[in-house]
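Participant: Handing you a structure now.
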């Protein structure tokens, strides 16, 4: 049975844009029926050119057993790739630059997560998706050791896209961006401010217009003076300065309780002197516990569809997906990474950050 995509406002828009600019996306764990079915659909939609890493014969056999077409799908075994020696040498060289001596880079780079990350870093593909058959830490480690970080982002974090057109107060158009849902347990003031700015820029790229970024807390504008509330307030002020200095089309506000951020009626009651606001497009959480718990509640109880998580702060587009990933999430994440690659090519036409 073929993969059947459930259309929504977010993925429909991305697919339309990618048909004019299809991108090459590497899936680091290609020996997975979910990946094969989604790759077939991406080709049929003419939006992404998939590259699957893994044992070529096993992938072809799995596709044949399940009647999945691999036409225009590139299947690559890292251990047999002609790029392996070059990648190993580059990895050894970059490791030495970081002060780490690697005896044999081939043993590391032949691993699919590392090989895929090298493909992205050196321009053989436009973006990466991995994690469907491995622990998150193994993929993150490969990305952090291989892909250049953005110089103005203090620490790599992750962002998730949620779509729920059936829910009230779920962004302006049923789309919400959440950060950080996967990497930094207790972000400091500088890291929180960076998350707000970078995720706001992400939302601006996808949604257009001027996104509203809400920095969440148990407090609204000093209603509680706990250390965590004061930290969010300080991060808000720092992010607002960055928005002005960089002339960004973003609105950042905080510290805000979740109801004030999302429900205009709650905002009118708790902030009577403020202008009427629309629902926030971006939610920045004070710590990983709050973000991850909220993400799971929105997915599993409220029926929000998730895409990502996007790894933010790297010089190339990449996403980590869970081992429980659905084909719908896999499809939408591929579109999301592909659309991020369009932005990268616009910002860095020569390929360097």
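Every number in this text was worked out from the coordinates using simple rules, so none of it is lab data. Not measured: the values here are computed from a predicted model. Because the Cβ atoms are built from the backbone with ideal geometry, glycine has one as well, and the counts that use them run over all protein chains shown.
Participant: I need two numbers for the chain: Rg to one decimal and Dmax as a whole number, Cα atoms only, in Å.
Facilitator: Over the chain's Cα set, Rg and Dmax evaluate to 20.6, 66 Å.
Participant: With angles folded into 0 to 90 degrees, how steeply does helix 136-146 sit against the dominant principal axis of the chain? Use alpha carbons for both and round to 10.
Facilitator: Relative to the chain, helix 136-146 is tipped by roughly 80 degrees.
Participant: Note down the relative contact order for segment 157-300 as a percent, whole number, built from C-alpha pairs under 8 angstrom at least six residues apart.
Facilitator: After rounding, I find 34 percent.
Participant: Follow-up. Using r as the Cβ-Cβ distance of residue 103 and residue 168, and R0 as 51 Å, what FRET efficiency do you calculate, to the nearest 0.05?
Facilitator: Plugging the Cβ-Cβ distance into 1/(1 + (r/R0)^6) gives 0.30.
Participant: Okay, moving on. Pairing the Cα long axis of helix 227-245 with the longest principal axis of the chain, what angle in degrees results, from 0 to 90 and rounded to the nearest 10?
Facilitator: 70 degrees
Participant: Sequence gap at least 6, Cα distance under 8 Å: using those rules, report the relative contact order of the chain to the nearest whole percent.
Facilitator: With pairs under 8 Å counted, the relative contact order is 21 percent.
Participant: Got a sec? How would 293, 189, 147 order by Cβ neighbour count within 10 Å, fewest to most?
Facilitator: Final ranking by Cβ density, sparse to dense: 293, 189, 147.
Participant: Below 8 Å between Cα atoms, with a sequence gap of 6+, how large is the relative contact order for segment 64-162 in percent?
Facilitator: It comes to 21 percent, rounded to a whole number.
Participant: Let me ask you something else. Just to be sure I understand: of the beta bridges DSSP finds with both ends in the chain, what percent are antiparallel, rounded to 5?
Facilitator: About 35 percent, rounded to the nearest 5.
Participant: For the chain, what does the helix formula give at 222 nm: sum of -39500 (n - 2.57) over DSSP H segments with n ≥ 4, over the residue count, nearest 500 deg cm²/dmol?
Facilitator: Helix contribution divided over all residues of the chain: -14000 deg cm²/dmol.
Participant: Let me ask something else about it. To the nearest 10 degrees, how steeply does helix 56-65 sit against the main Cα axis of the chain, on a 0 to 90 scale?
Facilitator: Long axis of 56-65 versus the principal axis of the chain: about 80 degrees.
Participant: Please give the Cα centre distance for segment 9-27 versus segment 279-340, rounded to the nearest Å.
Facilitator: The distance from the Cα centre of segment 9-27 to that of segment 279-340 comes to 17 Å.
Participant: Count the DSSP beta bridges whose two residues both fall in segment 157-300, then state the antiparallel fraction as a percent rounded to the nearest 5.
Facilitator: In segment 157-300, approximately 30 percent of DSSP beta bridges are antiparallel ones.
Participant: Roughly what would the spin-label model give for residue 122 and residue 323, points 7 Å off Cα along C-beta, in nm?
Facilitator: 3.1 nm
Participant: What is the fewest-to-most order of 27, 285 by other Cβ atoms lying within 10 Å of their Cβ?
Facilitator: Arranged by neighbour count, lowest to highest, 27, 285 become 285, 27.
Participant: Let me ask another. List 206, 122, 114, 247 from most exposed to least, where exposure is judged by having the fewest other Cβ atoms within 10 Å.
Facilitator: 247, 122, 206, 114
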